[in-house]
Amino acid sequence: MREQMEFLLPQGLNLLGQLALSYLILKQVWKFLRGFNMYIISRVWRTDLKKYGGWAVVTGATDGIGKAYAEELAKRGFDIILISRTLEKLKTVAKGIEERTRRKTKVIQLDFTGGPEIYPKVEKALKGLDIGILVNNVGMLYDENPILFLDVPDVSERATSIMNCNMMSTVQMTRIVLPKMIQRKKGLIINMSSEAGNHAFPRLTIYSATKAFLDFFSRGLNIEYKSKGITVQSVMPLTVSTNMNQNMKQNLLVMGVDDYAWEALNTVGYSDRTSGCLSHGIQSYLLDLILSDSLMGSRFMAKFAKRAMDALEKTRKPKQK
């Protein structure tokens, strides 16, 4: 009996090791195939977004990713409802879209840092429209640079504003448009999360937490309503050159807003959770391999993060005086 055990134990451990290795290999192959399908095949065979309806609503639509999404959706045949804080910017973006694409536009001036009391205005403005797509893009940081939670100026007021803008807006806008989508048995909701919501990022704590909320909210909502013809997509970009990061110079790692919006919209129908573009998909994959909570909290990471931020600061375009 003992001799049998001595013979079988090494064989069992060997088999277990082979199974574990096979699992890891298959897992990585599956990720590669999903990524290839999501970011390469989608460029050739794009989902016909017009099947969702005639109007698209975009929040935070006057700058950055939101503006790029609005313009790209207009190019793909949608009339656009732009919602943002500054009326003059809204009118300028709307006029540009109408002139370039001949699509209709509507504008709604709204400060998303407010509470639930601001949303009846939106409900009234959207009433009776065939809304096929909602892009919950509006979002804000609490400071231009990474900063400790208690060092945020007016942290109580600022924290409330960022939670209202980043989370409350998505919940309330979804509440407004989802019932009609369910009635029509079709609709697409795109929630702009972030890679910062995929890991705990010190010195971006509230922002990171709000983006994690958006990701989990999107994933749960997609499961709840997929059978009713609704697609809810969580988009988790890394660095895109926008006003939020002082328009960093574009390179292999930093995407421009127009290219990013084009690639990200191509992934609709291919994945319910995406980094949005090939470059960011590769970066996210590598970060998942190396990042852990213990590493993020280490002194090494603190020093590395400071040097990385100093390097990124040099890539930012100087502010206009």
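The values are calculated or read from the model by the stated rules, or taken from the named source; none is laboratory data. Only a predicted model underlies this, so the values are computations on that prediction, with no experimental measurement involved. All Cβ positions, even for glycine, are placed from backbone atoms using ideal geometry, and neighbour counts span all protein chains on display. Calculation scope for accessible area: heavy atoms of the full protein, side chains included, ligands and nucleic acids excluded. Shrake-Rupley method; radii C 1.70, N 1.55, O 1.52, S 1.80 Å.
One line per residue, one yes/no per condition, for (1) surrounded by fewer than 18 Cβ atoms within 10 Å (Cβ to Cβ); (2) in a helix (DSSP H, G or I); (3) basic (Lys, Arg):
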residue	(1), (2), (3)
145	yes, no, no
150	yes, yes, no
166	no, yes, no
169	no, yes, no
172	no, yes, no
175	yes, yes, yes
179	yes, yes, no
182	yes, yes, no
189	no, no, no
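When the residues of the stretch 272-283 are filtered to those that are part of a helix (DSSP H, G or I) and open to solvent by 10 Å² or more (accessible area, probe 1.4 Å), which remaining residue is nearest to residue 192 (Cα to Cα)? Give the derivation first.
Going residue by residue through the stretch 272-283, those that are part of a helix (DSSP H, G or I) are 278-283.
Among the residues that remain, those that are also open to solvent by 10 Å² or more (accessible area, probe 1.4 Å) are: 278-279, 281-283.
Numbers: 278: 17, 279: 17, 281: 15, 282: 19, 283: 18 Å.
Selected residue: 281.
Restricted to the stretch 137-158, and to residues there that are of a type in the set (A, V, I, L, M, F, W, C) and under 20 Å from the mean Cα position of the chain (by Cα), the residue that is nearest to residue 61 (Cα to Cα) is 138. Output the residues belonging to the stretch 260-291 that are closer than 27 Å to residue 48 by Cα and either of a type in the set (A, V, I, L, M) or more than 15 Å from the chain's Cα centre (by Cα) (or both). Scanning the stretch 260-291 gives 261, 264, 265, 268, 269, 270, 278, 282. Against the test of being touching a strand residue (DSSP E or B) at 6+ places or on another chain (Cβ under 6 Å) and acidic (Asp, Glu), the options 63, 111, 143, 130 yield a single qualifying residue, 130. For the stretch 127-139, the tally of residues that are assigned to a loop (DSSP other than H, G, I, E, B) and touching a residue at least 40 places away in the same chain (Cβ under 8 Å) stands at 5.
When you scan the stretch 156-176, do you find a residue that is among the acidic types (Asp, Glu) and without any contact (Cβ under 8 Å) to a residue 12 or more places away in the chain, even just one? Yes, some residue in the stretch 156-176 is among the acidic types (Asp, Glu) and without any contact (Cβ under 8 Å) to a residue 12 or more places away in the chain.
Residues in the stretch 255-271 that are in a helix (DSSP H, G or I) and either within 16 Å of residue 199 (Cβ to Cβ) or not polar (S, T, N, Q) (or both): 257, 258, 259, 260, 261, 262, 263, 264, 265.
Do we have residue 252 as closer than 17 Å to residue 190 by Cβ and either assigned to a strand (DSSP E or B) or not hydroxyl-bearing (Ser, Thr, Tyr) (or both) here?
Details: closer than 17 Å to residue 190 by Cβ: no; either assigned to a strand (DSSP E or B) or not hydroxyl-bearing (Ser, Thr, Tyr) (or both): yes.
No, not satisfied.
Scoring residue 81 on the criteria (1) under 19 Å from residue 113 (Cβ atoms); (2) crowded, with 24+ Cβ neighbours inside 10 Å leaves a single failure, condition (1).
Specify which of the listed residues (202, 237) is modelled with pLDDT under 95 and not in a helix (DSSP H, G or I). Reasoning before the result, please.
Details: 237 fails: modelled with pLDDT under 95.
Within the list 202, 237, the selection yields 202.
Residue by residue through the stretch 245-271, note down the ones that are among the hydrophobic types (A, V, I, L, M, F, W, C), touching a strand residue (DSSP E or B) at 6+ places or on another chain (Cβ under 8 Å) and open to solvent by 20 Å² or more (accessible area, probe 1.4 Å).
As a first pass, look at the stretch 245-271 and keep what is among the hydrophobic types (A, V, I, L, M, F, W, C): 248, 252-255, 257, 261-262, 264-265, 268.
With touching a strand residue (DSSP E or B) at 6+ places or on another chain (Cβ under 8 Å) added as a condition, the list becomes 248, 254-255, 257, 264, 268.
Within the stretch 245-271, 255, 257 qualify.
Only residues that are in contact with a Phe, Trp or Tyr (Cβ under 6 Å, 6 or more places away or on another chain) and in a strand (DSSP E or B) were counted in the stretch 205-234, giving 0.
All of 134, 90 fail the test of being open to solvent by less than 20 Å² (accessible area, probe 1.4 Å), at pLDDT 95 or above and either more than 19 Å from the chain's Cα centre (by Cα) or of a type in the set (S, T, N, Q) (or both), apart from 90.
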